[in-house]
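K.L.:
This is the structure I want to talk about, given as structure tokens.
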Amino acid sequence: MFVTMRMVLLLAVYAALFLGIPILISVYVYRDAKAREMPAALWAVVAALCPAFIGLVIYLLARTGRSSLRCPGCGGPVQESFALCPRCGALLKDRCQKCGFALERDWTVCPSCGQPIPEEGRQAVPPVKKGDRGLQWLLGIVIAVPVVLLAVVLLSLVSFQGVADGGTSMMGVDAISASDLREGSAVAQWVAQCDAAGEDGIYALASVYQDGDTAVSCCWLYLKNVDGLVNHYSQREGGLLSDSALVVDLTPDATAPPAYLVYVEARGSESVDGVLVTMEGETLDCAVTESGEALTYEGQVYPYLAS
């Protein structure tokens, strides 16, 4: 098939960038706003729908403060001044044995009464500081998006003319008349359909099949009242995200036959993805039809011509 995995991959990358990023932003904003007792659903919608990360920036500027400290017992948010967790009652600060003043972990004497604080008398477990890892990941993704987009654009443009890895062979035959086709063959029937359409132009009948371990990509071109003759054949190899193609270049010629056929074939380890017809550097319109048959040259023309 001439609809390739490269095309699917390219669409998947763009979908992930333009749909996945807003979803990630809305999920982060919802969870963060809920923890801060803000209207989570409303902020999540605003952050997702505003373009170019404007919603995220607005939320980060407008969100209320909250402590990053967590109770070591239940994991709930606590303040620096808490001596006990209000949710589970866990002891967060020791108290002076003389006056009962709440003590910090690194104090050696009570600031209220001056009583020394024995190390063996400490029982409190201090709160755990939790960083905003979600925001760190989100900002990392936001920074990476322009880089990924630039890489995708560059990779989608990478392509070159030539034979792939020395393992692809090209074959081309031009200026075949429709009368040279076997009567009733698939290509002859296709030519009849093109003639019945009544429109001048360039038509292509493409097929891909396996010949043992070799992938064969073949294409029949039908040029109907096109002022151009075949100049040369080539194969454009695809980049990571660009498609390969059989390329037929025409040269302007007003004396070209009113209707003639061109056969182009490429053999290699991988099939070719598409068909391009060019003239003086311009890509011409070409109506492409795909066939599941092996439309070989020998199978479509009369034996005397094939030999």
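K.L.:
Could you count how many residues in region 203-221 are assigned to a strand (DSSP E or B) and without any contact (Cβ under 8 Å) to a residue 40 or more places away in the chain?
P.N.:
Final tally of qualifying residues: 1.
K.L.:
Next up: Among the numbered criteria (1) modelled with pLDDT of 90 or more; (2) surrounded by 20 or more Cβ atoms within 10 Å (Cβ to Cβ), which single criterion is violated by residue 273?
P.N.:
All conditions pass for residue 273, except number (1).
K.L.:
Out of everything in region 9-57 that is over 24 Å from the mean Cα position of the chain (by Cα) and at pLDDT below 80, what residue ends up being surrounded by the fewest Cβ atoms within 10 Å (Cβ to Cβ)?
P.N.:
If we take residues in region 9-57 being over 24 Å from the mean Cα position of the chain (by Cα) and at pLDDT below 80, then 37 is surrounded by the fewest Cβ atoms within 10 Å (Cβ to Cβ).
K.L.:
Quick one: count up the residues across region 225-247 that are more than 30 Å from residue 213 (Cβ to Cβ), assigned to a loop (DSSP other than H, G, I, E, B) and at pLDDT below 90.
P.N.:
0
K.L.:
Moving to a separate point now. Does residue 250 satisfy the criteria of being assigned to a strand (DSSP E or B), modelled with pLDDT of 90 or more and in the same structural domain as residue 181 (by TED's automatic domain parsing)?
P.N.:
When the stated conditions are applied, residue 250 passes them.
K.L.:
Considering only region 175-202, how many residues are crowded, with 18+ Cβ neighbours inside 10 Å and either on the phi > 0 side of the Ramachandran plot or part of a strand (DSSP E or B) (or both)?
P.N.:
3
K.L.:
Determine whether region 121-135 contains at least one residue that is exposed (fewer than 11 other Cβ atoms within 10 Å of the Cβ), at pLDDT 80 or above and out of contact with any helix residue (DSSP H, G or I) (no Cβ under 9 Å at 6 or more places or on another chain).
P.N.:
Yes, there is a match, as at least one residue in region 121-135 is exposed (fewer than 11 other Cβ atoms within 10 Å of the Cβ), at pLDDT 80 or above and out of contact with any helix residue (DSSP H, G or I) (no Cβ under 9 Å at 6 or more places or on another chain).
The values are calculated or read from the model by the stated rules, or taken from the named source; none is laboratory data. Predicted model, so just to flag it, every value in this text is computed and none were measured. We place every Cβ from the backbone using ideal geometry, glycine too, and count neighbours over all the protein chains shown.
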